[in-house]
Each structure stands twice: as C-alpha cells, then as structure tokens.
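Below: one structure, written as structure tokens.
The values are calculated or read from the model by the stated rules, or taken from the named source; none is laboratory data. Note that the coordinates shown come from a computational prediction; the quantities given were computed from them, not determined experimentally. Reconstructed Cβ throughout: ideal geometry from the backbone, glycine too, with neighbour counts over all protein chains shown. Accessible surface areas use protein heavy atoms only, side chains included; no ligands, DNA or RNA. Shrake-Rupley method; radii C 1.70, N 1.55, O 1.52, S 1.80 Å.
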Amino acid sequence: MSLSFEPDWLRLRERADATARSTELVASLRHRLTAPVVVADLGCGTGSAARWLAPQLPGPQHWVLYDRDARLLALAEAELPAPHTCRTHVGDLASLRADDLDGVGLVTASALLDLLDRATVDGLVEACVGAGCPALFTLSVTGNVQLWPAHPLDAAVRAAFNDHQRREGALGPDASATTAAAFRRRGAAVTVRSSPWRLGADDRALVEQWLRGWVEAAFEQRPDPAFTDYLARRLDECAAGALRVEVGHEDLLAVPADA
C-alpha cells in the first residue's frame, strides 16, 4: 500500500484538518514538555501538522520529519514555522525503534494510523513507550460519514469504502481503537477525542475531491453501477452549495507511565 499523497490534496485539506484537530489534547500535553522540545513527526507530508502544532508548543523546537516521499519532505522542511529547526528522514516507519527516538520529547502523526497495518502500529507504540515519549496521533478515520441531505445509498457507499480501507491489512476505521489498546497494554494513559471534518458550501473544492475519492474507492471495492449515479448526484449538490458532510476522525494522546 502506498503511503504517499499528492501535495495538492494535502494543501486542499489543510484548513479542514487544522479546524478539526483537538486543541484540548494539546493543552493537556503542553505542561509535560520542556523547551527545547524535539518533536518527531511521522508521515509528515507537506508539514501541515507542524504548522498547526508548533505555535501551540513551548519553544525553541527541533523537528525530525519522517516520510517515504522526498518531495513532500522538501516542502515540509521549507515551510517549517520560524524560528524552529528540523532535519528530515526518508524511510519506512516499520523500522522505527525506541533508540531512534532518543532525545525526542513528543511523537506526532496526522492522518496516518488508518493507513498502517497492525504490526506497524504495534511497532510504533512499542517505540514510543520504550523511549518514554508522549504520542499525539490526530485525524484517524473512524468510518463514520454523514451527509445532508440523506440519500438511500449513503450506508452502502460508506460500508464499501470502509471495507476498502481495510485492504492489504490496513487498519482503516479500526486504527484509533487498535492503537489505544496497544498503548494501554503497555501501561500508557490514553485520551481519545472526536475530531470530525464538518464541511459545507464554503468547502466545495475539498468536498468535491473527497467525494470523488470516497465513492471511487467504494466502487473499486463493490462495483455497483448505482454508485456512479450516486456520485453524479452528490457532485451536483456540492456544486450548488447544497451538500453538508461530516467525516469522522479521532485524535489520540498517549502518555507512557515514565514519560
């Protein structure tokens, strides 16, 4: 499974991501961090999580940016908020170990866990707990999608998409619960908060692209011709500013016992 995304898509969703993420979890985390803070950002993409999180943490900060895509790492490095510093690391997160997090005060990731399989998530949890690092994982999909006005095929498309998310062993909508359980088994304190996208007429460009990807994945999983008509209907509603969407996510903060 590819874990790389196009920069244009990541830019398009950045504002919705920033609005959705839980500031409550950041507030509860802040007092645990002592400047200078070293933050490891796993699967950083274009660096949107750093742009959102850095102003909320004590400074100065040094960010270690991880991604499999060198193009995205270059963008993230170029747009890290001043005056913070960073280094980049191209590689597979499956190889991350506690020793790699030596000196790190916080591990974070955004919209990542649902793309990973159980073994990789278990390895990330083991690394965080072994290093005594708090972990803030935001925007893991829950599989709960609501659209207004309702349509008779909403549930079928949602179910097919969620099944598609679990292909190749990916956790998909089970990611948040699986990660929380892995941390708790290792004695960490875990707090989970809802962080849904709530999109409407002002978000038409994002809703259009999200709709296309959502329904196309559902069709790939279950090739129902009715899904094609469904997409056309929903795109018309989106263009008219008549469609509202809520896409469920969860944010998770885990604090190891010795953090």
**Prompt:** Hey, R198 hits all of (1) surrounded by 13 or more Cβ atoms within 10 Å (Cβ to Cβ); (2) assigned to a helix (DSSP H, G or I) but one; which does it fall short on?
**Reply:** (2)
**Request:** Scan segment 92-103 residue by residue and report those that are within 12 Å of V129 (Cα to Cα) and open to solvent by 20 Å² or more (accessible area, probe 1.4 Å).
**Result:** R97, A98, D99, D102
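Residue by residue, here is whether (1) part of a strand (DSSP E or B); (2) among the charged types (D, E, K, R); (3) at pLDDT below 95; (4) surrounded by 16 or more Cβ atoms within 10 Å (Cβ to Cβ) holds:
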| residue | (1), (2), (3), (4) |
| --- | --- |
| A27 | no, no, no, no |
| R32 | no, yes, yes, no |
| A35 | no, no, yes, no |
| V38 | yes, no, no, yes |
| T46 | no, no, no, yes |
| A50 | no, no, no, yes |
| L53 | no, no, no, yes |
| V64 | yes, no, no, yes |
**Item:** Out of T23, T19, sole residue that is exposed (fewer than 15 other Cβ atoms within 10 Å of the Cβ), within 15 Å of L57 (Cβ to Cβ) and polar (S, T, N, Q)
**Value:** T23
**Request:** Answer yes if at least one residue in segment 129-143 is of a type in the set (F, W, Y) and buried (at least 16 other Cβ atoms within 10 Å of the Cβ), and no otherwise.
**Result:** yes
**Fill in**
Checked segment 148-157 for anything closer than 21 Å to R204 by Cβ and open to solvent by 50 Å² or more (accessible area, probe 1.4 Å); matches are W148, P149, A150
**Asked** Which pairs do you get when a residue that is on the phi > 0 side of the Ramachandran plot, found in segment 175-194, comes within reach of a residue that is loosely packed, with under 15 Cβ neighbours inside 10 Å, reach meaning Cβ atoms under 6 angstrom, with the pair 6+ apart or on two chains?
**Response** G187/A257
**Asked** Listed residues R193, R184, R234; which is open to solvent by 20 Å² or more (accessible area, probe 1.4 Å), in a helix (DSSP H, G or I) and of a type in the set (K, R)?
**Response** R184
